[in-house]
Amino acid sequence: MREIGGIVVPLVTPFNRDETVDESALRTIVDYLIDAGVHGLFPSGSQGELYALSTEEKKRVMEVVVEQANGRVFVMPSTGAVTTRESIELTQYAEACGADAASVITPYFIQPSAAEQIEHMTRIAHSVSFPVLAYNNPGRTNVSFTPSMAAAVARQAENFIGIKDSSGDLTNTLDYIDVCPPTFRTMVGRDTLIYPALCCGCVGAVAATANVVPELVVGIYEAYQAGDHALALERQRKLAPLRHGFNLGSFPVVVKDAMELIGLPAGSCRAPIRSLEGAPRERLISMLRDLGKLDLIH
């Protein structure tokens, strides 16, 4: 099993003007992120507009990312869906196409009970032989995959090895570490908490801002690993305004607009989400200039 940890990027899914997946742009972005030193790639997650992609599009995105990464970093596609059946199909496909692990978001729209969630995740893990991690994002799904649920699945499936927690509640994140097996790999999914989460035992972060400033996000991790806590905290504070800036528009447009502004072919979001205009766009430009990502006056 490849090491799962470090800075993992929830990749955007670039679209052409007709909203088809732009595979060439996706390959360009993969190379850009790997060259910047990220440790893993997370295609078709929330930032990748999983809600807007068909099953076949998710499969194709996995294939492209695995092929373009070519073993340089680990690839962990998002394979969760509303139903157990589709989640198993996507997770099995991820293993078959050469991914290193899968991250399974809780069902959304429906609100399954704790027992149903445990059975759902256990069945998915049992359907494959490679590592499976849960993905807890209650702010988007209105469903919480709690630490006790994670521990229950870990007792039943040896290849259920970790979680990405995007709750934004550091206490909840650390509870996974406390109640799950010692080898369980907890990753924080809130960009403003990377440094404190590392200090408290998390193995890494899945950070949407790394699509835009990968060198800064990787820098937080590298400074922490080197024992330079002051530098890690300085970089964490420098990153915070961009993460707070996600509120400038409808999710997940801010990251895509930022990438386009700095010259990366992220494209637009699928309708009805629209790009920023007016004051919010100017505020984003100002943030990018402060981060040193814009050489020209826009």
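The numbers here are math on the coordinates, done by the rules we state, and not lab data. What you see is a predicted model, and the numbers here were worked out from it, not measured in a lab. Note that we place each Cβ from the backbone using ideal geometry, even for glycine, and neighbour counts take in every protein chain shown.
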Point to revise | Reachable aspartates and glutamates, given that their alpha-carbon falls under 13 Å from the alpha-carbon of Lys256 and they are not under 8 places away in the same chain | key: Glu49
Exercise for review: With the Cα gyration tensor of the chain in hand, give its eigenvalues times 5 under a square root as the equivalent ellipsoid semi-axes, listed largest first in whole angstrom.
Suggested key: 28, 22, 18
Check your understanding: Quick one: length gained pulling Glu19 to Glu57 fully straight, 0.36 nm per residue minus the C-alpha distance?
Key -> 12.5 nm
Practice item. Mind ranking 20-27, 207-214, 87-94 by how tightly packed they are, going by the mean number of other C-beta atoms within 10 angstrom, highest first? Key: 207-214, 87-94, 20-27
Review point. Relative contact order, percent, of the range 70-184 when contacts are C-alpha pairs under 8 Å separated by at least 6 residues?
Key: 23
Check your understanding: Dipole of the chain, Cα-centred, from +1 at each Lys and Arg C-beta and -1 at each Asp and Glu C-beta, to the nearest 20 debye?
Key -> 380
**Study point:** Projected-area mean, the range 21-165, by convex hull of Cα positions, square nanometres
**Key:** 8.0
Check your understanding: So how much slack lies between Asn172 and Asn247, counting 0.36 nm per residue of separation and subtracting their Cα-Cα distance, in nm?
Key -> 24.7 nm
**Study point:** Calculated over the range 104-175: convex hull of Cα atoms, volume per residue (Å³)
**Key:** 76
Check your understanding: Which whole-number percent gives the relative contact order of the chain, counting Cα pairs below 8 Å spaced six or more residues apart?
Key -> 17
Review point. Under a plain spin-label model, where a point goes 7 Å from the Cα along Cα-to-Cβ, how far apart in nm are Lys238 and Arg140?
Key: 2.7
Review point. With the chain treated as a Gaussian network of Cα nodes joined by springs under 10 Å, which of Gly48, Gly139, Gly245 yields the largest mean-square fluctuation?
Key: Gly139
Review point. The range 1-61 to the range 143-183: how many Å between their Cα centroids?
Key: 24
Review point. Between Rg and the Kirkwood Rh of the range 245-298, both from Cα atoms, what is the Rg to Rh ratio?
Key: 0.94
**Study point:** Distance between modelled label sites at Arg270 and His126, nm, 7 Å Cα→Cβ extension
**Key:** 3.2
Revision key, fill the gap. With +1 on the Cβ of every Lys and Arg and -1 on the Cβ of every Asp and Glu, the dipole magnitude of the range 118-265 about its Cα centre, in debye rounded to the nearest 20, is 180
Point to revise | Virtual spin-label span in nm between Ile110 and Asp290, 7 Å along Cα→Cβ | key: 4.4
**Study point:** Expected-Rg normalisation [2.2 N^0.38 Å, Cα atoms] applied to the range 173-298
**Key:** 1.16
Check your understanding: Counting Lys and Arg as +1 and Asp and Glu as -1, each charge on the Cβ, what is the dipole of the range 1-43 about the Cα centre in debye, to the nearest 20?
Key -> 140
Review point. Rounded, prolate or oblate: which fits the range 113-249 when a ≥ b ≥ c are the square roots of the eigenvalues of the alpha-carbon gyration tensor, with rounded for a/c under 1.5 and prolate only if a/b beats b/c?
Key: prolate
